[in-house]
Amino acid sequence: MPSMTRRDLGIAGADITLFENVFSDPDGLFRAVEKEADWHSENITLFGRTHAMPRLICWMGDKPYRYSGLTHPPAPFTPSVRLIAEKAAEIAGAHFNGVLLNLYRDGGDSMGWHADDEAELGPRPVIASVSMGAPRRMRFKPKKHFAGESFGIDLAPGSLLVMKGETQSNWLHAITKTRKPVGPRINLTFREILDVA
């Protein structure tokens, strides 16, 4: 197993670091997480039309999490997810009490443009994104108020992408569909859910 590498992206208005080769057996972790998680599909309503979410999801944590008009009740971390969470928290220098797991079954599954900027994440959240399975490209584009050039990052299995500082305030990110043949991918995005009055 190659040693872990760190790459600070140096993007204006963001604090994004990519750590590669974080986990020694990403294929084994993929299989364990895939088996342990309670995967399900949900519907979302956009512009008055309801669609099936183009991926499977699972929420684990101490508290419920609400985004895109949906509230996800908490389920405890599974053993494999807890192991990944501890490593991600150590590297990110943060505390995490929740994780959104996404299972992209093939290149037709995707995550639309968004920012992790819900009130319960606080004004400058630390988001730690762990990738297992097939590599996919994460795309970034600036929000309307911010001047910047769009870019993409290829996320290999066993990698950890840490976003903090003003990243969610200034940038949107997505996993777009691809017609290239691609295998399944699991992404775990760790975060801290705060008590918001």
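Looking at (1) open to solvent by less than 10 Å² (accessible area, probe 1.4 Å); (2) assigned to a strand (DSSP E or B), which one does R137 not meet, given that it meets all the others?
Among (1) open to solvent by less than 10 Å² (accessible area, probe 1.4 Å); (2) assigned to a strand (DSSP E or B), R137 violates only (1).
In segment 144-164, how many residues are in contact with a helix residue (DSSP H, G or I) (Cβ under 6 Å, 6 or more places away or on another chain) and either small (G, A, S) or open to solvent by 30 Å² or more (accessible area, probe 1.4 Å) (or both)?
Summing the residues that are in contact with a helix residue (DSSP H, G or I) (Cβ under 6 Å, 6 or more places away or on another chain) and either small (G, A, S) or open to solvent by 30 Å² or more (accessible area, probe 1.4 Å) (or both) in segment 144-164 gives 3.
Can G10 be described as assigned to a helix (DSSP H, G or I) and either exposed (fewer than 11 other Cβ atoms within 10 Å of the Cβ) or more than 18 Å from the chain's Cα centre (by Cα) (or both)?
no
Limited to segment 171-182, what total is found for residues that are more than 17 Å from the chain's Cα centre (by Cα) and open to solvent by less than 30 Å² (accessible area, probe 1.4 Å)? Give the steps one after another, and end with the answer.
Of all residues in segment 171-182, those more than 17 Å from the chain's Cα centre (by Cα) come to 178-182.
Remaining after also requiring open to solvent by less than 30 Å² (accessible area, probe 1.4 Å): none.
So the answer is 0.
Conditions (1) modelled with pLDDT of 95 or more; (2) in a strand (DSSP E or B); (3) in contact with an Asp or Glu (Cβ under 9 Å, 6 or more places away or on another chain), marked per residue:
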site: S131; (1), (2), (3): yes, yes, no
site: Q168; (1), (2), (3): yes, no, yes
site: L172; (1), (2), (3): yes, yes, no
site: L194; (1), (2), (3): no, no, yes
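Just give me the residues in segment 165-191 being within 25 Å of D106 (Cβ to Cβ) and touching a helix residue (DSSP H, G or I) at 6+ places or on another chain (Cβ under 9 Å), in sequence order. So that I can check it myself, show each step before the final result.
Keep residues of segment 165-191 that are within 25 Å of D106 (Cβ to Cβ), which gives 172-190.
Correct list: H173, P184, R185, I186, L188, F190.
Consider D109 carefully, then state whether it is in contact (Cβ under 8 Å) with a residue 12 or more places away in the chain, outside any strand (DSSP E or B) and of a type in the set (D, E).
On the way: in contact (Cβ under 8 Å) with a residue 12 or more places away in the chain: yes; outside any strand (DSSP E or B): yes; of a type in the set (D, E): yes.
Considered against the rule, which asks whether it is in contact (Cβ under 8 Å) with a residue 12 or more places away in the chain, outside any strand (DSSP E or B) and of a type in the set (D, E), D109 comes out as yes.
With (1) surrounded by fewer than 17 Cβ atoms within 10 Å (Cβ to Cβ); (2) in a loop (DSSP other than H, G, I, E, B); (3) at pLDDT 95 or above; (4) not acidic (D, E) as the list, and P123 as the residue in question, which single condition is left unmet?
Every listed condition holds for P123 apart from (3).
Looking at L194, L101, which one is more than 19 Å from L9 (Cα to Cα), in contact with a helix residue (DSSP H, G or I) (Cβ under 9 Å, 6 or more places away or on another chain) and open to solvent by 10 Å² or more (accessible area, probe 1.4 Å)?
Working: L101 fails: open to solvent by 10 Å² or more (accessible area, probe 1.4 Å).
Exactly one residue qualifies, and that residue is L194.
Look through segment 41-89, keep the residues that are in a strand (DSSP E or B) and polar (S, T, N, Q), and return whichever of them is modelled with the highest pLDDT.
The initial filter retains those residues of segment 41-89 that are in a strand (DSSP E or B), namely 43-46, 49-52, 56-61, 65-67, 70-72.
With polar (S, T, N, Q) added as a condition, the list becomes 43, 45, 50, 71.
Numbers: N43: 70, T45: 63, T50: 69, T71: 83.
If we take residues in segment 41-89 being in a strand (DSSP E or B) and polar (S, T, N, Q), then T71 is modelled with the highest pLDDT.
Just to be sure I understand, how many residues within segment 13-31 are assigned to a loop (DSSP other than H, G, I, E, B), closer than 16 Å to D154 by Cα and either open to solvent by 30 Å² or more (accessible area, probe 1.4 Å) or at pLDDT below 95 (or both)?
From segment 13-31, those assigned to a loop (DSSP other than H, G, I, E, B) are 13-14, 21-25; that's our starting set.
Subset that is closer than 16 Å to D154 by Cα: 21-22.
Then keep just the ones that are either open to solvent by 30 Å² or more (accessible area, probe 1.4 Å) or at pLDDT below 95 (or both); that gives 21.
The total comes to 1.
The values are calculated or read from the model by the stated rules, or taken from the named source; none is laboratory data. Note that the coordinates shown come from a computational prediction; the quantities given were computed from them, not determined experimentally. Note that each Cβ is placed from the backbone with ideal geometry, even for glycine, and that neighbours are counted across all protein chains shown. Side chains included, ligands, DNA and RNA excluded: accessible areas come from the protein's heavy atoms. Shrake-Rupley method; radii C 1.70, N 1.55, O 1.52, S 1.80 Å.
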